[in-house]
Amino acid sequence: MNSTLPPSAPPKKHRNLAQGVVAYISDSIRDGSINPGDKLPTESEIMRIQGVSRTVVREAISHMQSAGLVETRHGIGTFVLEPPPAQHLGIDPKTVITMRDVLAILELRISLETEAAGLAASRRSDAQLQQLRVALDSFQACSIKGGDTVASDVQFHLLIAQASGNRYFHDILSHLGTNIIPRARLNSAKFARDEPGTYLERVTREHEDIFNAIARQDPESARAAMRTHLSNSRERLRRAQELIESASTQ
């Protein structure tokens, strides 16, 4: 399937022109404008959209081939490859088993997501803010109905990482999220003997504080709200761990 690249946005400053073409095509792959298996537009079309020479386009394609993003089939064209399996930082979610493991991951998330929230407040678009609102509304609806809030909870955090404008925040958190965030959240409520309704009300308030700071485009408040939210999660888990260890010694 041939793909059509979206209209080029105003060019950003890059170290060289080829880097700009790589960034443009990579962004189109990440946002779904181009999908794995799709054929890239011709060199001439990319030249026209980006306003660069054929040499620049070929250098960009060469960089993307080296990165494993595309494959050129001689006489046919250049195609987008399936992304390789995630191997972020050597962290295998299957090895995160104990409560102590989850606490350690939470400490990592505090450092990452606090900064991601601040960047999101500075860089988010109106469309991204609306996506965050939808995820929050879904979380609240599931909470009221007693349904599973995990998917919307994880989505909320991933959308903030995406709104940060730094794809590495999103890459790392998406690798951790579905495997670690749900387990941490459910265990903290269960083992800390929290009333589920009260627990979810607190999480909802914490999420709303983060959202409101991002909506106001207030980076420092967004960082503070995210740090408070994740620190509270860590504290709930720490108390749960103490209860478990106390019970095992009795």
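Values computed for the structure shown
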{"quantity": "Amide proton proximity set for Asp38, modelled H, under 5 Å, gap of 5+", "calculated": "Val80"}
{"quantity": "Calculated FRET value between His74 and Asn16, using beta carbons and R₀ = 25 Å, to 0.05", "calculated": "0.45"}
{"quantity": "Added length on full extension, which subtracts the Cα-Cα distance from 0.36 nm per residue, Glu82 to Ala151", "calculated": "22.4 nm"}
{"quantity": "Net charge, Leu136 excluded, C-beta distance under 12 Å - Lys, Arg +1, Asp, Glu -1", "calculated": "-3"}
{"quantity": "Neighbour net charge for Glu107 - beta-carbon separation under 13 angstrom, K R +1, D E -1", "calculated": "+2"}
{"quantity": "Gain in span if fully extended, Thr55 to Thr198, counting 0.36 nm per residue against the direct Cα distance", "calculated": "45.4 nm"}
{"quantity": "Peptide ranges 223-232, 165-174 listed from the most packed, as the mean C-beta count within 10 angstrom indicates", "calculated": "223-232, 165-174"}
{"quantity": "Backbone HN-Hα couplings from phi across region 199-210 [Karplus 6.51/-1.76/1.60, Hz, Gly and Pro as x]", "calculated": "4, 5, 5, 5, 4, 4, 4, 5, 4, 5, 4, 5"}
{"quantity": "Approximate spin-label separation Asn35-Gln65, in nm, with each point projected 7 Å along Cα-to-Cβ", "calculated": "2.6"}
{"quantity": "Neighbourhood net charge (10 Å Cβ-Cβ; Lys/Arg +1, Asp/Glu -1) for Arg223", "calculated": "-3"}
{"quantity": "Gain on full stretching of the segment that runs from Arg238 to Thr42 - 0.36 nm per residue minus C-alpha separation", "calculated": "65.0 nm"}
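Since every read-out is calculated from the coordinates, none of them should be taken as a lab result. Not measured: the values here are computed from a predicted model. When we count neighbours, we look across all protein chains shown, and the Cβ atoms used for this are built from the backbone with ideal geometry, even at glycine.
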